[in-house]
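Student: Structure below; questions to follow.
The values are calculated or read from the model by the stated rules, or taken from the named source; none is laboratory data. All values derive from a computational prediction rather than experimental measurement. Neighbour counts run over all protein chains shown; Cβ positions are idealised from the backbone, glycine included.
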Amino acid sequence: MAISTRLELRTSQTLVMTPQLQQAIKLLQLNNLELAAYVEQELEQNPLLERDDESREIADGMDPGPEGPAEMTPMGDGLARVDLSDSADSTGAAERALDADFDNVWNNDAVNDGIDGEAAGQAAFENWGSAGGHGFEDGVSGIEQTVSEAVSFRDHILRQLNMDVPDAADRVIGLHLVDLLDDSGYISGDLTAIAELLGCEVARVEAVLARLQQFDPSGIFARDLRECLALQLRERDRLDPAMQALLDNLPLLGRHEYDELTRICGVDAEDLRDMVTEIRALNPKPALSFESTAPQPITPDVFVRAKAGGGWIIELNNDTLPRVLVNNHYHTQITRSTRTREERTYINTCLQSANWLIKSLHQRATTILKVATEIVRQQENFFLRGIQELRPLVLRDIADSIEMHESTVSRVTSNKYMATPRGIYELKYFFTTSLGSSMGGDAHSSESVRHRIKALSDEESATNILSDDRITEILREEGIDIARRTVAKYREALGIPSSMQRRRQKSARL
């Protein structure tokens, strides 16, 4: 075999992760507060960037213009509002509105050589995913990234909520209950108001509260001191009638009326001392075992509000979005005074970086608004009728509708919140898995299937216990394509015992 040198011409397609593209991807996954901190850092480093306070004042007083079936009002650097109405052409009109131009101080003519490939970079940004490269990283990992972080009380509760409450609707109720917790771990507020807000029954809110009261630390989600102590004693299996009578008369214990307590509880003085010792060993404020930190209110990135006559208005949070512009006048002045090649290179680099930052901010605002608008369109029944109407939704559904890559949608929905008439939700909460239909109809939400399994288990009698195979047959008869192992998985996630254990429990109740 002869070895020779030859010249070959080949074509290939690759994705180059330029620093500008990495910056655009990084900005996309930041929420508004993190974005403001990042822009503040860029303002300190780049002399050609400055705050656009004047545009903010003009945008705040801008006339939104005439109402239409789908309307977008420019609000500064890529900020906009989408108006979704109930007309038949609302989808197409909204898409045309999303493609409208924005008021932006970015000027393509001012960009020097070296940034001509912005169109290609923007296209690569929208379609960048697992097939083309690796995720953006802020830098080389150091020892500080391996240091453990103190877990707050809220994070501790939310982790248990996500792990122990498989139903998405119950998790939404749980989130509202978590927001009612005070620094001591007690819950305050009217459960009826939560039920009315979410469009569900009060009994369901009370059932979720009872489940949350089993979380760690013991005693949380209590409505008063008596209930807090009772929860801790019940966990220790020490809540007998005598102890319950003592808890019902805590004011007497505070006044040291021991003789009256011994009569009410039906115990002698020695037993009463032991009971009081047990109560004193409990924690009356279970949440204080965690580090006390000032609660930070959630700042929504997107607002959704109902429109008079039907439809929804989706807009970005103007107050937390930074506005910056390029000081072209200052650039002209310092360009005339440059003398060396290094100075000209530095000025050109600053100009390119400033222009790309503004372009990235515009792209970020447009992408978030597109994703939020499509989520509202897909989950409109949730906003109209409550948590029971959450439909199956995955990232790919949104990505296909707005013609972007799935990874882009994932970054947009991470760590961003939407303020709606039913409360503030993270964008990730609107995505649920689905199960196919055995009759060729619409897919079924996994949460609704779990509800059905629980209903079948609650309705069975001691003489007619349903096995996993029988539940699978019933669900298939109802048009749900599900396997027996999936039924078993959902049953275990709901905390429902096996058929044999349920038969023993319901027989014992008889």
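Student: Test residue 358 against the criterion of being assigned to a helix (DSSP H, G or I), touching a residue at least 60 places away in the same chain (Cβ under 8 Å), within 24 Å of residue 404 (Cβ to Cβ) and among the β-branched types (Val, Ile, Thr), and give yes or no.
Tutor: In short, yes.
Student: Restricting attention to segment 303-312, report how many residues are within 13 Å of residue 380 (Cβ to Cβ) and touching a strand residue (DSSP E or B) at 6+ places or on another chain (Cβ under 8 Å).
Tutor: Here is the first cut: in segment 303-312, the residues within 13 Å of residue 380 (Cβ to Cβ) are 304, 306-307, 310-312.
So of that shortlist, the ones also touching a strand residue (DSSP E or B) at 6+ places or on another chain (Cβ under 8 Å) come out as 304, 306-307, 311-312.
Number satisfying all stated conditions: 5.
Student: Is there any pair with a first residue in segment 142-160 that is part of a helix (DSSP H, G or I) and a second that is surrounded by 10 or more Cβ atoms within 10 Å (Cβ to Cβ) and modelled with pLDDT under 60 whose Cβ atoms are under 8 Å apart and which are 6 or more apart or on different chains, and what are they?
Tutor: 154/295
Student: Right, next: Could you give me the residue pairs with C-beta distances under 7 Å whose first residue belongs to segment 311-330 and is farther than 19 Å from residue 84 by Cα, whose second residue is in a strand (DSSP E or B) and aliphatic (A, V, I, L, M) wherever it lies, and which are 6+ apart or on separate chains?
Tutor: Correct list of pairs: 324/49; 326/49.
Student: Same structure again: Quick check on segment 269-278. Is at least one of its residues in contact (Cβ under 8 Å) with a residue 12 or more places away in the chain and among the hydroxyl-bearing types (Ser, Thr, Tyr)? Lay out the reasoning, then the answer.
Tutor: First, the residues of segment 269-278 that are in contact (Cβ under 8 Å) with a residue 12 or more places away in the chain: 271-272, 275-276, 278.
Subsequent filtering for residues that are among the hydroxyl-bearing types (Ser, Thr, Tyr) retains none.
There is no residue in segment 269-278 that is in contact (Cβ under 8 Å) with a residue 12 or more places away in the chain and among the hydroxyl-bearing types (Ser, Thr, Tyr).
Residue-by-condition table, conditions (1) at pLDDT 90 or above; (2) part of a loop (DSSP other than H, G, I, E, B); (3) not assigned by TED's automatic domain parsing to the domain that holds residue 30:
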{"position": "391", "(1), (2), (3)": "no, yes, no"}
{"position": "396", "(1), (2), (3)": "no, no, no"}
{"position": "399", "(1), (2), (3)": "yes, no, no"}
{"position": "415", "(1), (2), (3)": "no, yes, no"}
{"position": "429", "(1), (2), (3)": "no, no, yes"}
{"position": "442", "(1), (2), (3)": "no, yes, yes"}
{"position": "447", "(1), (2), (3)": "no, no, yes"}
{"position": "455", "(1), (2), (3)": "no, no, yes"}
{"position": "458", "(1), (2), (3)": "no, no, yes"}
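Student: Does residue 210 satisfy being at pLDDT 90 or above, within 30 Å of residue 161 (Cβ to Cβ) and either of a type in the set (Gly, Ala, Ser) or exposed (fewer than 13 other Cβ atoms within 10 Å of the Cβ) (or both)?
Tutor: Values: at pLDDT 90 or above: yes; within 30 Å of residue 161 (Cβ to Cβ): yes; either of a type in the set (Gly, Ala, Ser) or exposed (fewer than 13 other Cβ atoms within 10 Å of the Cβ) (or both): yes.
Yes.
Student: Would you mention how many residues in segment 232-253 are touching a Ser or Thr at 6+ places or on another chain (Cβ under 7 Å) and either buried (at least 19 other Cβ atoms within 10 Å of the Cβ) or assigned by TED's automatic domain parsing to the domain that holds residue 494 (or both)? Break it down stepwise before answering.
Tutor: Looking only at segment 232-253, we keep the residues that are touching a Ser or Thr at 6+ places or on another chain (Cβ under 7 Å), and these are 232, 235.
If we keep only those that are either buried (at least 19 other Cβ atoms within 10 Å of the Cβ) or assigned by TED's automatic domain parsing to the domain that holds residue 494 (or both) too, we end up with 232.
Looking only at that region, the number is 1.
Student: For segment 12-55, give me the residue count where each residue is in contact with a Pro (Cβ under 6 Å, 6 or more places away or on another chain) and not assigned by TED's automatic domain parsing to the domain that holds residue 318. Give the steps one after another, and end with the answer.
Tutor: Going residue by residue through segment 12-55, those that are in contact with a Pro (Cβ under 6 Å, 6 or more places away or on another chain) are 36, 39.
Those still in the list that are not assigned by TED's automatic domain parsing to the domain that holds residue 318 too: none.
Adding up the residues that qualify gives 0.
Here's the yes/no breakdown for (1) over 34 Å from the mean Cα position of the chain (by Cα); (2) surrounded by fewer than 16 Cβ atoms within 10 Å (Cβ to Cβ); (3) not hydroxyl-bearing (Ser, Thr, Tyr):
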position	(1), (2), (3)
332	yes, yes, no
338	yes, yes, no
342	yes, yes, yes
346	yes, yes, no
356	no, no, yes
361	no, no, yes
366	no, no, no
369	no, no, yes
